[in-house]
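J.: Below is one structure. I have some questions about it.
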Amino acid sequence: MRRLPRIGVRSLLVTGLVAALLLGAGALRGLRPPEDPAPVAGEVVPRVDRLAATIDRAQEQLRRVPGDHVTWAALGMAYLEKSRISADPSWFGRAEGALRRSLTLRPDGNDPALAGLGALANARHDFTGAAGYARQALRINPYSAEAYTVLGDAQTQLGRADEATGAVQSLLDLRPGLPALTRAAYDREQRGRTAEADALLRQALDLALDPADIAFCRHQLGELAWNSGDLSGAEREYAAGLAADPGYPPLLHGRAKVAAARGRLDQALAGYAELTARSPTPGYLLDHAELLDAAGRGAEADVQRRLAEAAHRLFTAGGGTDDLTGVALALARSRPAEALTLARREWQRRQFAEVADALAVALHANGRDAEALGHARRAESLGARDARYAYHRGIIELALGNRDEGRRHLRRALDINPYFSPVDAPAAARTLERLGPA
């Protein structure tokens with residue numbers, strides 16, 4: 001059976017900074033645990049599980065004062081962060097219960113609970129709902145940095161680039177800290193302004209004190225380097241992040257990607273095995289399957305794809321909507337008609353660049369290349385430097401008989417990042433060799 005092109009399933013920024021938002025929220029003041037004690041020379045001091053301590057303190061406060069709407073909102077946000085760290089969407093229900101309890105206790109003027117429900121909606125990929133909650137919170141409190149955080153994330157994923165930039169700028173004006181700087185960096189990256197994104201992330205890193213925040217910033221810096229084909233820079237940032245937080249899954253993913261790109265296949269596969277055991281999300285499982293396919297271990301790759309399907313079902317059972325992952329799974333299972341149905345449905349919900357790319361690939365897989373080309377162009381319209389987008393554009397151009405344009409975009413994909421996929425990058429190189437010089 002013909003192998004269908006693959007789309008990437010990336011971790012969304014909207015769930016990546018809940019911790020930074022949480023630690024900046026006034027609702028948690030007084031609930032945070034004390035700083036880790038300074039170790040005595042030669043003594044090994046276990047690291048405090050700050051999130052667990054925060055949840056314990058909130059629950060204890062609510063046993064004493066069950067009508068404390070502020071602490072209910074804080075507990076909901078802590079549960080949401082727990083879902084992100086554990087990759088377990090069953091925490092969504094607990095988060096929603098706590099946030100709605102807060103809103104029941106104080107139905108008017110409760111912008112923290114509304115912003116929290118917006119963050120939860122973002123985590124469930126209900127970006128329209130998230131934007132609605134954020135606007136409600138801002139009508140109550142026009143200076144709510146938390147609400148602008150939610151709104152910026154939602155507008156980004158809805159493909160409303162100018163509105164997203166405006167929300168992020170408002171967040172920067174109100175609270176120019178780590179959440180604002182990292183979101184501003186992502187906004188710049190989406191527009192292809194990678195040098196500005198790097199500078200903003202380094203500003204954020206200078207402000208990061210908690211190991212989790214350091215790890216997040218290092219990962220984002222590593223991704224900028226990786227996406228530009230800078231293996232040494234990516235490896236350096238991932239290693240620095242792991243020194244701060246050795247178990248942070250995105251950094252384990254980065255380390256495994258670099259190992260694969262350097263040809264250290266056994267090390268890469270061991271890294272993916274560790275990663276998917278810690279964080280069995282569909283994106284990581286599908287990446288693991290792709291590398292197994294590249295290694296000629298198709299049966300093991302099928303196991304990873306089945307696990308990815310199970311993880312996707314778990315996410316939707318927790319109230320989430322993620323047709324983009326559904327597209328990736330359908331393509332991985334050579335079900336092009338299903339992929340196209342899901343891609344069209346996701347495009348109706350949001351016109352984000354990643355969704356445009358997924359729809360282009362699904363259309364190509366169904367032999368509808370003339371229609372696919374318009375969406376491939378749309379994916380690149382903001383100026384993002386993404387090797388996968390360029391590769392997909394190239395294969396669509398070739399399918400339409402546009403050899404020069406196809407050659408140009410395949411070459412651009414490899415110029416951006418020659419390691420972008422263990423399967424598609426070598427396929428691009430082989431196709432270019434077969435096409436010969438222009």
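The values are calculated or read from the model by the stated rules, or taken from the named source; none is laboratory data. On a predicted model such as this, the values are computed, not experimentally measured, just so you know. Please note: Cβ atoms are built from the backbone with ideal geometry, for glycine as well, and neighbour counts cover all protein chains shown.
J.: Taking Glu371, is it farther than 23 Å from Asp230 by Cα, touching a helix residue (DSSP H, G or I) at 6+ places or on another chain (Cβ under 8 Å), surrounded by fewer than 18 Cβ atoms within 10 Å (Cβ to Cβ) and of a type in the set (Asp, Glu)?
T.: yes
J.: Looking at region 326-333, can you tell me whether even one residue there is of a type in the set (Lys, Arg), modelled with pLDDT under 95 and touching a helix residue (DSSP H, G or I) at 6+ places or on another chain (Cβ under 8 Å)?
T.: yes
J.: On to the next question. State all residues of region 162-176 that are polar (S, T, N, Q) and more than 13 Å from Pro142 (Cβ to Cβ); if no residue qualifies, say none.
T.: Of everything in region 162-176, those that are polar (S, T, N, Q) and more than 13 Å from Pro142 (Cβ to Cβ) turn out to be Thr165, Gln169.
J.: So Glu380 passes all but one of these: (1) surrounded by fewer than 20 Cβ atoms within 10 Å (Cβ to Cβ); (2) within 21 Å of the chain's Cα centre (by Cα). Which condition number does it fail?
T.: (1)
J.: Follow-up question, since we're still on this one. Out of the residues in region 202-234 that are touching a residue at least 40 places away in the same chain (Cβ under 8 Å) and outside any helix (DSSP H, G or I), which is nearest to the chain's Cα centre (by Cα)?
T.: Applying the filter and picking the extreme gives Ser228.
J.: For Tyr238, only one of the following conditions fails: (1) surrounded by 17 or more Cβ atoms within 10 Å (Cβ to Cβ); (2) more than 21 Å from Asn417 (Cβ to Cβ). What is its number?
T.: (2)
J.: A further question on this structure: Would you tally the residues in region 387-413 being surrounded by fewer than 20 Cβ atoms within 10 Å (Cβ to Cβ) and at negative phi?
T.: 11
J.: Still on this structure: Take residues that are outside the structural domain of Ala225 (by TED's automatic domain parsing) and among the hydrophobic types (A, V, I, L, M, F, W, C) and tell me which of the helices (runs of 4 or more DSSP H) falling wholly in region 235-295 contain 2 or more.
T.: Here the list reads 265-278, 282-294.
J.: Is it fair to say Gln190 is polar (S, T, N, Q) and under 18 Å from Arg385 (Cβ atoms)?
T.: yes
J.: Still on this model: Within 30 Å of Ala95 (Cβ to Cβ) and touching a Pro at 6+ places or on another chain (Cβ under 8 Å) - does that describe any residue in region 288-305?
T.: The answer is no, given that none of the residues of region 288-305 is within 30 Å of Ala95 (Cβ to Cβ) and touching a Pro at 6+ places or on another chain (Cβ under 8 Å).
J.: Contact list please: Cβ distance under 8 Å, first residue in region 420-438 and of a type in the set (D, E, K, R), second residue at pLDDT 95 or above, pairs at least six apart or on different chains.
T.: Correct list of pairs: Asp424/Arg388; Asp424/Tyr391.
J.: Determine if region 297-304 includes at least one residue that is among the polar types (S, T, N, Q) and touching a residue at least 12 places away in the same chain (Cβ under 8 Å).
T.: Among the residues of region 297-304, at least one is among the polar types (S, T, N, Q) and touching a residue at least 12 places away in the same chain (Cβ under 8 Å), which makes the answer yes.
J.: Pairs, please: C-beta under 9 Å, at least 6 apart or cross-chain, first residue assigned by TED's automatic domain parsing to the domain that holds Ala73 and acidic (Asp, Glu) and in region 112-141, second buried (at least 24 other Cβ atoms within 10 Å of the Cβ) and assigned to a helix (DSSP H, G or I)?
T.: As it stands, the answer is Asp126/Leu120; Asp126/Ala154, since those pairs meet every condition given.
J.: Would you confirm, using the coordinates I've provided, whether Asp108 is in the same structural domain as Met77 (by TED's automatic domain parsing), out of contact with any Leu (no Cβ under 8 Å at 6 or more places or on another chain) and closer than 30 Å to Val355 by Cα?
T.: no
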